[in-house]
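Heads up, the thing below is written out as structure tokens.
The values are calculated or read from the model by the stated rules, or taken from the named source; none is laboratory data. What you see is a predicted model, and the numbers here were worked out from it, not measured in a lab. Please note: Cβ atoms are built from the backbone with ideal geometry, for glycine as well, and neighbour counts cover all protein chains shown. Ligands, DNA and RNA are excluded from the accessible area calculation, which covers all protein heavy atoms including side chains. Shrake-Rupley method; radii C 1.70, N 1.55, O 1.52, S 1.80 Å.
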Amino acid sequence: MIEIRNVSKSYTKGIKSVDGLNLTINNGEIFGFLGPNGAGKTTTIKMITGILNSDEGEILIDGYDIDKQPMEAKKQFGFVPDNPDVFLSLKAIEYLNFLCDIYGVEDRENKVINMAKKFEIYDVLNNKLESFSHGMRQKVVIIGALLHNPNNWILDEPMTGLDPKSSFDLKEMMREHADEGKTVFFSTHVLEVAEKMCDRVGIISKGRLLFVGTIDEAKEQFAKEGSLEKVFLEITQNA
Amino acid sequence: MLKRILSLTGILIKTNIGASMAKQSIGKKKIFTILLLVFAYGYLTFISGAFSYGAISTLMIVNQHSAFISLVCLINIVSSLFETFITSSNVLYFSKDNDYLLPLPFQPFEIVASKINTLLVFSYFSEVFFGLIPLIVYGYLTKASFLFYIFMIIVLIVIPFVPVFLATLVMMVVMLFVNMSKHKSLFQTIGIIMVMVTTMSISIYMTNNTGSQEDLLVVLNQVNGLAQSLYPYFPTLKFASEALINASFVSLLLLVLISAVSYVVMISVSNRIYFKGVVGSSSTGSYSKRKVEKKDFVKGSLALSYVAKEFKCLIRKPVYFTQCVLPSLILPIIMTVTFSQAVGVDELVADSSQITIFDKSGQITFSVLVLICIFMSMYTYISITAVSRDGSSATFMKYIPLPFYQQLVYKCIPDILLTFVSNLMMMTVVAAKLKLPVLAVVLALVIFLIFAVGRSFFGVIIDCKKPRHNFTSEYQVVKSNPSIFYDIVYNFVLLIPSALSLMILSDLPLLVIFLINLLFHAGLSYGFYRYIREKDFKLAQKIF
Ligand SMILES: Nc1ncnc2c1ncn2[C@@H]1O[C@H](COP(=O)(O)OP(=O)(O)O)[C@@H](O)[C@H]1O
Ligand SMILES: [Mg+2]
């Protein structure tokens with residue numbers, strides 16, 4: 001469970017990149033964080049994960065405050081950043097094993113091999129991440145985020161660069177994760193993704209949260225009929 | 001089209017050297033950095049000027065001062081050649097900007113031309129010291145006319161053309177045939193080692209041949225003879241020398257003409273071969289077919305695992321390896337070799353065998369060794385770049401459940417280990433050769449180790465406060481990172497206590513001096529540790 005209470009952030013004085021954000025993501029749901037480019041999605045996610053300090057407000061992950069109890073809070077989530085270029089000089093297997101050491105993962109061999117086989121990168125695990133394509137790096141980072149079996153899974157634009165099959169696999173994994181009663185929070189600017197798989201969505205534009213609810217509620221509230229795209233455009237344009 | 005090439009050149013130069021400087025706003029800190037730069041450049045200017053002054057005065061006595069011109073031209077050609085060998089692979093092939101540049105709507109030759117211009121501009125930087133200053137001193141001493149200075153400027157502008165092109169061409173041809181992604185590291189390392197060997201031979205040669213004025217004359221004559229024997233192969237060397245010595249318009253014209261033609265030829269040739277190499281250098285390479293095995297999953301202790309990761313990232317990236325790790329290894333080797341070759345070392349051995357730890361000589365030995373070690377570590381930039389080198393993965397430190405201070409301590413270990421080990425090797429050789437008392441050497445190494453710890457803590461603190469992880473080219477972190485100056489200043493400042501103990505404390509017993517030094521350095525290191533510990537995540541605020 002992720003609770004975001006009244007959180008704001010500005011990089012430059014006077015311009016709020018995230019403005020008074022309130023959100024609660026419950027256990028067992030997939031929450032899609034939707035918004036056009038530059039809306040403040042990455043900024044929000046960086047605050048949730050402790051990469052950025054918020055100017056105001058508080059963020060709780062499974063009840064732990066990310067500022068006040070950072071170590072406990074950080075153990076509760078697995079994070080997939082928008083840029084999967086992590087430690088490119090390491091081999092994939094070295095990176096994953098390193099993460100296992102950090103999180104103290106048991107039974108690491110089975111976990112790594114199973115997920116790597118699922119993503120079809122098992123055969124290349126012994127190569128440097130440098131030689132991986134964007135999508136392959138993405139897969140390694142996704143595996144790394146799930147090794148310690150976190151209660152909360154946070155992903156920033158996870159579908160970017162994945163081929164259709166991997167994208168499908170990822171969606172399945174997200175569904176499974178949520179069905180186990182855990183939380184999935186991911187950002188995207190691609191509407192179809194959100195429409196198909198989110199239990200609830202939040203729509204953000206220019207740092208302000210414009211809507212929270214199910215896709216159907218969004219459609220109901222904004223346009224009596226029509227595609228999500230229209231709804232999306234309508235919401236973000238009227239802001 | 002010309003405008004596009006020029007602006008692209010400007011951008012490339014900035015991304016390769018100056019971007020991190022340019023972004024800083026004017027303020028006290030910037031002025032501090034500028035002062036340091038002025039200091040460093042002033043020092044080089046002084047050295048170059050003083051050497052020229054000495055050489056020209058000597059040559060003027062025997063009326064052979066024109067030989068100095070050939071010497072300067074030769075040095076500039078050779079240094080451009082070498083410098084381009086080292087930098088060209090980074091600018092042309094391993095630069096991160098290739099990934100952004102290639103898809104942009106630039107004509108291929110516009111990119112090639114800009115890259116080559118960038119290399120030319122790089123060679124102008126060293127020309128200031130190897131060419132401009134010596135020639136100004138020459139002009140001053142020989143009371144040259146205004147025309148000489150005009151000629152000088154033109155010659156200095158065009159003389160790097162041919163050597164830069166030659167080196168670049170060789171690099172491009174090699175890149176065509178070498179499987180880059182496979183031999184990337186090897187390639188850069190060989191380049192650096194070549195330079196290392198050359199530097200070492202020169203330093204050995206110099207120490208064997210310096211002495212009286214006659215010796216200097218002999219050397220200068222030899223070099224001049226060498227220069228003249230190279231004339232047929234380097235026509236620009238001949239024309240440049242003649243243009244400056246005889247103020248010959250014809251030679252100057254020929255020089256400019258050859259350079260201009262070579263520029264055009266260079267662009268058109270490299271237009272053909274450059275892109276084949278560059279595509280290979282950034283694309284995915286050979287795959288290891290080996291499957292993962294049980295041993296790949298061994299559980300390691302957190303500390304060991306983290307430090308191992310630091311070492312891997314440091315050593316596997318050629319730019320980091322050559323810029324951060326190699327200097328700490330090379331410098332002690334050069335010093336040891338030079339030392340064992342130096343004149344008068346036998347007398348020193350005779351003297352030093354009388355050193356004991358029980359009188360003043362022992363105390364002096366201790367302080368001098370500490371001084372040397374501190375000085376040697378000045379060129380190791382591992383800790384000062386520890387966070388920035390991670391680039392976009394620097395934020396990794398912030399979202400894993402591991403205290404920030406703890407990660408910083410792990411990040412300090414490679415620097416401490418490498419500087420300590422290389423100094424240990426050097427000290428062992430020197431101490432064995434000079435038969436220095438073991439206790440003095442060991443105590444000096446202990447002090448150095450504690451110093452190295454404090455220095456590393458200081459380095460990571462500075463790096464956290466001024467992180468440069470948002471780079472476009474790795475070169476920015478290790479080459480043109482202003483933070484490195486803080487590191488150098490730190491070493492200089494910490495030379496003071498050892499210098500003081502050498503000057504005013506050497507009457508005290510060795511162990512007392514050791515304890516005083518120990519208290520000072522241990523206090524400082526502990527102070528930095530407390531600072532990192534207390535600040536913890538606050539130190540990471542700028543890393544996002
Ligand atoms: N490092 C930064 N410095 C200054 N402004 C930034 C920085 N990162 C993001 N911003 C600004 O914050 C806003 C939100 O950006 P971001 O959270 O990255 O958007 P999104 O992920 O939704 O595309 C944008 O207007 C962007 O310009
Ligand atoms: Mg984003």
_Filtered residues of the stretch A:21-30 (kept if more than 16 Å from ligand 2 (Cβ to nearest atom) and on the phi < 0 side of the Ramachandran plot)_ = A:22, A:23, A:24, A:25, A:26, A:27, A:29, A:30
*Mind checking which residues of the stretch A:32-41 are buried (at least 23 other Cβ atoms within 10 Å of the Cβ) and either more than 6 Å from ligand 1 (Cβ to nearest atom) or at the interface with chain B (Cβ under 10 Å from one of its Cβ atoms) (or both)?*
A:32, A:33, A:34
*Just to be sure, is residue A:55 out of contact with any helix residue (DSSP H, G or I) (no Cβ under 9 Å at 6 or more places or on another chain), open to solvent by 40 Å² or more (accessible area, probe 1.4 Å), closer than 30 Å to residue A:7 by Cα and more than 9 Å from chain B (Cβ to nearest Cβ)?*
yes
_Positions within the stretch A:21-31 being open to solvent by 10 Å² or more (accessible area, probe 1.4 Å) and either touching a residue at least 40 places away in the same chain (Cβ under 8 Å) or near ligand 1 (Cβ under 8 Å from one of its atoms) (or both), in sequence order_ = A:22, A:26, A:27, A:28, A:29
*within 27 Å of the chain's Cα centre (by Cα), buried (at least 21 other Cβ atoms within 10 Å of the Cβ), part of a loop (DSSP other than H, G, I, E, B) and of a type outside the set (Ser, Thr, Tyr) - does that describe any residue in the stretch B:376-384?*
yes
*Does residue B:326 meet the test of being open to solvent by less than 30 Å² (accessible area, probe 1.4 Å) and either assigned to a helix (DSSP H, G or I) or more than 7 Å from every other protein chain (Cβ to nearest Cβ) (or both)?*
yes
*Is it fair to say residue A:6 is more than 16 Å from ligand 1 (Cβ to nearest atom), open to solvent by 50 Å² or more (accessible area, probe 1.4 Å) and either modelled with pLDDT of 95 or more or more than 30 Å from residue B:294 (Cα to Cα) (or both)?*
yes
*Among the helices (runs of 4 or more DSSP H) contained in the stretch A:128-199, which hold 1 or more residues that are β-branched (Val, Ile, Thr)?*
A:134-146, A:191-197
_All positions within the stretch A:147-192 that are open to solvent by less than 20 Å² (accessible area, probe 1.4 Å), within 16 Å of ligand 1 (Cβ to nearest atom) and among the polar types (S, T, N, Q)_ = A:187, A:188
*Lone unmet requirement of (1) touching an Asp or Glu at 6+ places or on another chain (Cβ under 9 Å); (2) facing chain B (nearest Cβ under 8 Å) for residue A:74*: (1)
*Is one or more of the residues making up the stretch A:80-101 open to solvent by less than 20 Å² (accessible area, probe 1.4 Å), away from ligand 2 (no atom under 16 Å from the Cβ) and within 16 Å of the chain's Cα centre (by Cα)?*
no
*asked:* Restricting to the stretch A:9-20, and then to whatever is within 16 Å of ligand 2 (Cβ to nearest atom) and not charged (D, E, K, R), can you tell me which residue is most open to solvent (accessible area, probe 1.4 Å)?
replied: A:11
*Which pairs have Cβ atoms under 6 Å, sit 6 or more apart or on different chains, and link a residue in the stretch B:459-478 that is open to solvent by 20 Å² or more (accessible area, probe 1.4 Å) to one that is of a type in the set (D, E, K, R)?*
B:467/B:542; B:472/B:96; B:472/B:97
*Would you call residue A:204 within 16 Å of ligand 1 (Cβ to nearest atom), within 14 Å of chain B (Cβ to nearest Cβ), open to solvent by less than 70 Å² (accessible area, probe 1.4 Å) and in contact with a Phe, Trp or Tyr (Cβ under 7 Å, 6 or more places away or on another chain)?*
no
*From the options A:50, A:35, residue that is within 16 Å of ligand 2 (Cβ to nearest atom) and in contact (Cβ under 8 Å) with a residue 12 or more places away in the chain*: A:35
*From the list B:267, B:204, pick out the single residue that is modelled with pLDDT of 75 or more and either assigned to a helix (DSSP H, G or I) or not polar (S, T, N, Q) (or both).*
B:267
*Taking residue A:50 as the residue in question, decide whether it is over 15 Å from residue A:183 (Cβ atoms) and surrounded by 22 or more Cβ atoms within 10 Å (Cβ to Cβ).*
yes
*Name the residue, out of A:62, A:67, that is away from chain B (no Cβ under 11 Å) and either away from ligand 1 (no atom under 11 Å from the Cβ) or not basic (Lys, Arg) (or both).*
A:62
*Just for the stretch A:108-138: of the residues that are within 15 Å of residue B:292 (Cα to Cα) and among the charged types (D, E, K, R), which one is farthest from the other protein chains (Cβ to nearest Cβ)?*
A:120
